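Participant: Below are the structure tokens for one structure; questions will follow.
The values are calculated or read from the model by the stated rules, or taken from the named source; none is laboratory data. Since we're looking at a predicted model, the values are computed, not measured. Here the Cβ positions follow ideal geometry from the backbone for every residue, glycine too, while neighbour counts run over all protein chains shown. Just so you know, the surface numbers come from the protein's heavy atoms only, side chains and all, with ligands and any DNA or RNA stripped out. Shrake-Rupley method; radii C 1.70, N 1.55, O 1.52, S 1.80 Å.
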Amino acid sequence: MEDEIWLTARDAAELTGVSIVTVYSWVRRGHLKVEGLDHRGQKLFRHLDVAKAEKATRAKAKRVLVPAA
């Protein structure tokens, strides 16, 4: 689609406030799908998919936290 916003792993990391390693972790775990390559061969992700992956992993992280006694 022409009006899609595409992000590289670096862009996705900067947008979400995580490291590039975390972005690739989302890919490895199936939370984020590589949708294509840019002219330099860098992997591209849809902006909406990045937001969904961030939301899903942050929500899961909150469920894992246990209050200190």
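Participant: I need a count of the residues in the range 39-55 that are free of Cβ contacts under 8 Å to residues at least 40 places away in the same chain, open to solvent by 30 Å² or more (accessible area, probe 1.4 Å) and not aliphatic (A, V, I, L, M).
Facilitator: 8
Participant: Further, regarding this structure: Which one of these is charged (D, E, K, R), at pLDDT below 95, loosely packed, with under 14 Cβ neighbours inside 10 Å and not in a strand (DSSP E or B): R10, R58?
Facilitator: Exactly one of R10, R58 is charged (D, E, K, R), at pLDDT below 95, loosely packed, with under 14 Cβ neighbours inside 10 Å and not in a strand (DSSP E or B), namely R58.
Participant: In addition: Is there a residue in the range 40-55 that is at pLDDT 90 or above and touching a Gly at 6+ places or on another chain (Cβ under 7 Å)?
Facilitator: Yes, there is a match, as at least one residue in the range 40-55 is at pLDDT 90 or above and touching a Gly at 6+ places or on another chain (Cβ under 7 Å).
Participant: Go through the range 13-38 and give me each residue that's at pLDDT below 95, part of a loop (DSSP other than H, G, I, E, B) and open to solvent by 80 Å² or more (accessible area, probe 1.4 Å).
Facilitator: Correct list: R29 only.
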